[in-house]
């Protein structure tokens with residue numbers, strides 16, 4: 001079981017910058033981390049990871065990773081400090097019968113998909129595949 005500690009994660013800029021996501025809470029199986037470097041709580045990028053154990057009806061572990069990256073409004077007198085947020089919600093299913101090797105493959109495929117040049121073009125430019 002991993003201990004909650006700072007997560008150091010690079011952003012996606014041309015010259016990547018490492019961001020420190022500090023533990024915020026661990027509540028009911030959900031670990032929450034925030035990058036507090038911006039100084040305004042409403043604008044903290046946040047990552048959460050929830051692990052749900054198998055049940056009689058669902059024979060798999062469910063991992064749900066959510067990312068929220070708010071952009072603060074720069075308008076003077078803005079009522080809501082958050083102008084908009086980018087976010088993601090990834091759910092992984094790991095059957096009880098699966099092996100560590102199966103899980104390693106799943107993680108590698110998903111992680112490397114986001115690093116694939118064609119996938120990056122689609123995601124970064126909001127373009128469909130053809």
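What follows draws every value from the coordinates through simple rules; no lab data is involved. It should be emphasised that the depicted structure is a prediction, and the values quoted were computed from it without experimental measurement. Using ideal geometry, Cβ is built from the backbone for each residue, glycine included, and neighbour counts are taken over all protein chains shown.
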Requested in this report: Can you tell me the FRET efficiency between residue 71 and residue 108 if r is taken as the Cβ-Cβ distance and R0 is 35 Å, rounded to the nearest 0.05?
Outcome: 0.65
**Report entry** Most mobile listed residue (41, 28, 75) in the chain, GNM with C-alpha springs under 10 Å
**Finding:** 75
Query raised in the report: Given the rule -39500 (n - 2.57) for each run of at least 4 DSSP H residues, summed and divided by the residues of the chain, what is its mean residue ellipticity at 222 nm, to the nearest 500 deg cm²/dmol?
Result: -6000 deg cm²/dmol
Query raised in the report: Taking square-rooted eigenvalues a ≥ b ≥ c of the alpha carbon gyration tensor, is the range 67-122 rounded, prolate or oblate, where a/c under 1.5 means rounded and, failing that, a/b exceeding b/c means prolate?
Result: oblate
Query raised in the report: Working out 0.36 nm times the residue gap between residue 84 and residue 130, then minus their Cα-Cα distance, what length gain in nm do you get to one decimal?
Result: 13.6 nm
Report task. Mind pulling the angle between the C-alpha long axis of helix 100-115 and the longest principal axis of the chain? Nearest 10 degrees, somewhere in 0 to 90. Result -> 30
Report task. Find the relative contact order for the chain and round it to a whole percent, using C-alpha pairs within less than 8 Å whose residues are 6+ positions apart. Result -> 13
